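Novice: Please read through the structure below; I'll follow up with questions.
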Amino acid sequence: MMADAQQDHINFDVMFATHNAFRRDLERLEAAAVAGKTDTPEVRAGWENFKHQLHIHHTVEDERLWPTVQSKVGDKPEPNELLREMEAEHGQLDPVLTAVDQALATKSPDLIDRIKELGAVLGDHMKHEEEAALPLIQETCTNADWKNFAAGMARAQGIKGAAVYIPWILDSISPAERQKFLVNMPPPARALNKLFWESRYHKKQLWKF
Ligand SMILES: [Fe+2]
């Protein structure tokens, strides 16, 4: 059944904020590579966190989001094709992530090219998801479906994960974007973030070189 967009509008702010955090991190990695400074513990920790966040994001999308959308669209060919593309694009990321890892480990002269390649594959995928998959979700899913998916994300992160995920998203974003993201977080998480998580996160100085 089609959801009534007027009455059951899904808010994608958390998804956009997460995608933008991936984009921001890859810019930081590239800046470190251009400066020849990818060896600092802070840059390495930033990269490890990036991979961890990306893994959780795509695992929960693959396990909880695409199957829900699939159940709504039935056997209609076009949306099914799009869902197959989403999963396939997630699969294409593994080799380019490994290539960056190898280039970092071997101090390869093609490190910047490998980072640009990852940026292109991930950037194209997120743009495709934002421009095609999110409108399909808006059209076919309910707010309750989306909240279910968000709950799956929260479960995958756990409290320890949230303590990093929330300040990581907020890192360097505008006050307006910050507000838009935080209103979607549960009040206890917002309070803990304000009291402990954000200052703890900033002490790590991820990506510093
Ligand atoms: Fe996504």
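The values are calculated or read from the model by the stated rules, or taken from the named source; none is laboratory data. Everything quoted here is computed from the prediction, not taken from an experiment. Using ideal geometry, Cβ is built from the backbone for each residue, glycine included, and neighbour counts are taken over all protein chains shown.
Novice: Looking for whichever is in contact with an Asp or Glu (Cβ under 9 Å, 6 or more places away or on another chain), within 15 Å of the ligand (Cβ to nearest atom), at pLDDT below 95 and not aromatic (Phe, Trp, Tyr) here; the options are Glu61, Glu87. Which one fits?
Specialist: The conditions single out Glu87.
Novice: Which members of the range 24-83 meet the condition of being among the small types (Gly, Ala, Ser) and either under 27 Å from Ile166 (Cβ atoms) or not in a helix (DSSP H, G or I) (or both)?
Specialist: Ala31, Ala32, Ala35, Gly36, Ala45, Gly46, Gly74
Residue by residue, here is whether (1) exposed (fewer than 15 other Cβ atoms within 10 Å of the Cβ); (2) within 12 Å of the ligand (Cβ to nearest atom) holds:
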| site | (1), (2) |
| --- | --- |
| His9 | yes, no |
| Ala21 | no, yes |
| Arg24 | no, no |
| Gly46 | no, no |
| Lys72 | no, no |
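Novice: Starting from residues that are surrounded by fewer than 16 Cβ atoms within 10 Å (Cβ to Cβ) and of a type outside the set (D, E, K, R), keep the ones in the range 139-170 and report whichever is nearest to Lys203 (Cα to Cα).
Specialist: For the range 139-170, the residue satisfying everything is Ile159.
Novice: Moving on. Looking at (1) closer than 23 Å to Val121 by Cα; (2) within 17 Å of the chain's Cα centre (by Cα), can you tell me which one Asn11 breaks?
Specialist: So Asn11 meets the others, but not (1).
Novice: Which residue out of Leu29, Leu82 is aliphatic (A, V, I, L, M), under 28 Å from Glu177 (Cβ atoms) and within 15 Å of the ligand (Cβ to nearest atom)?
Specialist: Criteria check complete, one pass: Leu82.
Novice: Looking at the range 163-180 only, could you name the residues that are part of a helix (DSSP H, G or I), closer than 15 Å to Met15 by Cα and among the hydrophobic types (A, V, I, L, M, F, W, C)?
Specialist: Passing the criteria: Ile166, Trp168, Ile169, Leu170.
Novice: Working only within the range 101-146, note down all residues that are of a type in the set (S, T, N, Q), part of a helix (DSSP H, G or I) and away from the ligand (no atom under 16 Å from the Cβ).
Specialist: Correct list: Gln102, Thr140, Asn143.
Novice: Hey, can you tell me all the residues within the range 114-131 that are small (Gly, Ala, Ser) and either touching a His at 6+ places or on another chain (Cβ under 6 Å) or surrounded by 15 or more Cβ atoms within 10 Å (Cβ to Cβ) (or both)?
Specialist: Gly119, Gly123
Novice: Being without any contact (Cβ under 8 Å) to a residue 40 or more places away in the chain and either more than 30 Å from Val34 (Cα to Cα) or not in a helix (DSSP H, G or I) (or both) is the filter here, so list the residues in the range 84-100 that pass it.
Specialist: Residues satisfying the conditions are Arg84, Glu87, Ala88.
Novice: Which one of the conditions (1) of a type in the set (D, E, K, R); (2) in contact with a Lys or Arg (Cβ under 6 Å, 6 or more places away or on another chain); (3) crowded, with 17+ Cβ neighbours inside 10 Å does Arg64 fail to meet, given that it meets all the rest?
Specialist: (2) is the only condition that Arg64 fails.
Novice: Identify all residues within the range 126-181 that are closer than 21 Å to Trp47 by Cα and of a type in the set (Phe, Trp, Tyr); write none if there are none.
Specialist: Those that are closer than 21 Å to Trp47 by Cα and of a type in the set (Phe, Trp, Tyr): Tyr165, Trp168.
Novice: Next up: Which of the residues belonging to the range 181-197 are touching a helix residue (DSSP H, G or I) at 6+ places or on another chain (Cβ under 7 Å), in a helix (DSSP H, G or I) and surrounded by fewer than 17 Cβ atoms within 10 Å (Cβ to Cβ)?
Specialist: The answer is Arg190, and nothing else.
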